[in-house]
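The values are calculated or read from the model by the stated rules, or taken from the named source; none is laboratory data. Remember, it's a predicted structure, so these values are computed and weren't measured experimentally. No Cβ is skipped: glycine too gets one built from the backbone with ideal geometry, and neighbour counts run over all protein chains shown. Protein only, heavy atoms only, side chains kept; ligands, DNA and RNA dropped before computing areas. Shrake-Rupley method; radii C 1.70, N 1.55, O 1.52, S 1.80 Å.
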Amino acid sequence: MTSRTVSVAAIIPAFNRATTIVRAVESVLDQTRPPDEILVVDDGSTDDTVARLAPYRDRVRVDTIDNAGAAVARNIGASHTTAEWLAFLDSDDYWFPDHLARITAAIDATGGAAGVYFDDTSRPVDDRDDASLFALADFALTGDWELTEDATDWVVRRRQPTMLQSSVFARAAWDSVDGLWPELRSRHDTHIFLRLGIGQPMCAVAGTGCQMTDDDTTGNRQMDAMGTRSRRYWHHTVALYDDVLARHGDQLDAEHRAMLATRLARGHLSLARHDLPRKPLGAAAHVARAVRADAATAFGPISRRLPGGAR
């Protein structure tokens with residue numbers, strides 16, 4: 001039984017995804033509980049991504065924007081739809097057929113009490129078989145869904161069990177934080193789950209909603225350019241934890257606040273490592289900020305983190 005008591009928009013940001021966009025769109029069209037709106041936001045593609053969507057134009061709207069990044073594309077997609085719930089899918093991934101049916105059933109069962117509903121994600125892990133994100137995050141449910149009034153423990157844990165492409169957001173919750181932070185070309189997903197989870201209700205739903213893939217060989221995958229070895233990744237890491245601690249620090253207990261402060265300090269130390277060869281004064285400034293954020297983290301491993309330090 002599928003629910004029609006709530007309206008759902010499916011939003012797919014895409015940049016040069018001609019090889020995978022059809023698979024993503026067809027997985028949305030194949031939902032046992034179809035979305036009420038389907039929008040692809042083409043983020044300035046220079047390949048034939050848009051042309052590949054021509055056969056679907058009677059069921060899928062396509063908006064083209066100048067290239068601005070996935071966060072901006074998703075925000076524009078949200079603003080260009082009218083449904084009360086927003087479901088996001090990456091253009092190189094695909095949904096399993098019952099994803100929206102299970103999510104909307106949980107929304108009905110809980111009266112839409114949470115701002116975010118999410119199910120599990122299947123994702124490649126190194127060269128091994130696909131793994132459950134819930135399992136990787138040490139996160140488990142005992143029933144069809146679990147609603148918590150305060151999701152702080154879920155979103156602050158070492159690995160969040162949430163992914164944008166397996167989540168459905170209440171438009172009111174999305175708008176309350178102005179959507180994704182557009183300054184973050186990466187880490188914007190971690191940021192919004194912290195913003196909407198700390199001190200607020202969320203609902204986890206049993207079952208796997210999305211299959212992440214790694215078969216896009218065009219070099220357009222976000223982690224190809226902004227993975228953990230890049231300076232930009234750590235710049236965004238520092239920005240997100242600075243912002244969350246400034247906004248929500250007073251809502252956190254000592255343990256959770258310390259966990260985020262440690263991550264902020266580690267981000268500054270990673271930036272120091274990147275900057276030391278060419279910008280030693282900048283590196284020193286990041287070390288000082290790491291000390292202010294969490295002295296124990298900064299002083300403990302600092303000699304091992306900086307080039308030339310003890311091993």
Filter pass, THR148 being free of Cβ contacts under 8 Å to residues at least 60 places away in the same chain, in contact with a helix residue (DSSP H, G or I) (Cβ under 9 Å, 6 or more places away or on another chain) and not hydrophobic (A, V, I, L, M, F, W, C):
yes
Qualifying positions in the range 140-163 - farther than 18 Å from THR262 by Cβ and surrounded by fewer than 19 Cβ atoms within 10 Å (Cβ to Cβ):
ALA140, LEU141, THR142, GLY143, ASP144, GLU146, LEU147, THR148, GLU149, ASP150
Condition test on THR46, is it open to solvent by 30 Å² or more (accessible area, probe 1.4 Å) and among the β-branched types (Val, Ile, Thr)?
yes
Residue tally, condition of a type in the set (A, V, I, L, M, F, W, C), closer than 30 Å to ASP48 by Cα and either modelled with pLDDT under 95 or not in a helix (DSSP H, G or I) (or both), over the range 94-119:
2
So which of TRP85, TRP95 is in contact (Cβ under 8 Å) with a residue 60 or more places away in the chain and either open to solvent by 70 Å² or more (accessible area, probe 1.4 Å) or closer than 24 Å to ASP130 by Cα (or both)?
TRP95
So which helices (runs of 4 or more DSSP H) stay within the range 231-311 end to end and still have 2 or more residues that are modelled with pLDDT of 95 or more?
231-248, 254-275, 280-293
Scan the range 58-70 and give yes if some residue there is surrounded by 18 or more Cβ atoms within 10 Å (Cβ to Cβ) and in contact (Cβ under 8 Å) with a residue 40 or more places away in the chain, otherwise no.
yes
Kindly indicate the residue of the range 176-190 that is assigned to a helix (DSSP H, G or I) and touching a residue at least 60 places away in the same chain (Cβ under 8 Å) and also nearest to THR262 (Cα to Cα) among those meeting that condition.
HIS188
Please specify each residue of the range 4-30 satisfying the condition of being within 22 Å of ARG171 (Cα to Cα) and open to solvent by 10 Å² or more (accessible area, probe 1.4 Å).
ARG4, THR5, VAL6, SER7, PRO13, LEU29
Among the residues of the range 162-171, is there at least one that is modelled with pLDDT of 95 or more and over 21 Å from ALA83 (Cα atoms)?
yes
Of the residues SER122, SER91, which single one is modelled with pLDDT of 95 or more, under 17 Å from SER167 (Cβ atoms), part of a loop (DSSP other than H, G, I, E, B) and not aromatic (Phe, Trp, Tyr)?
SER91
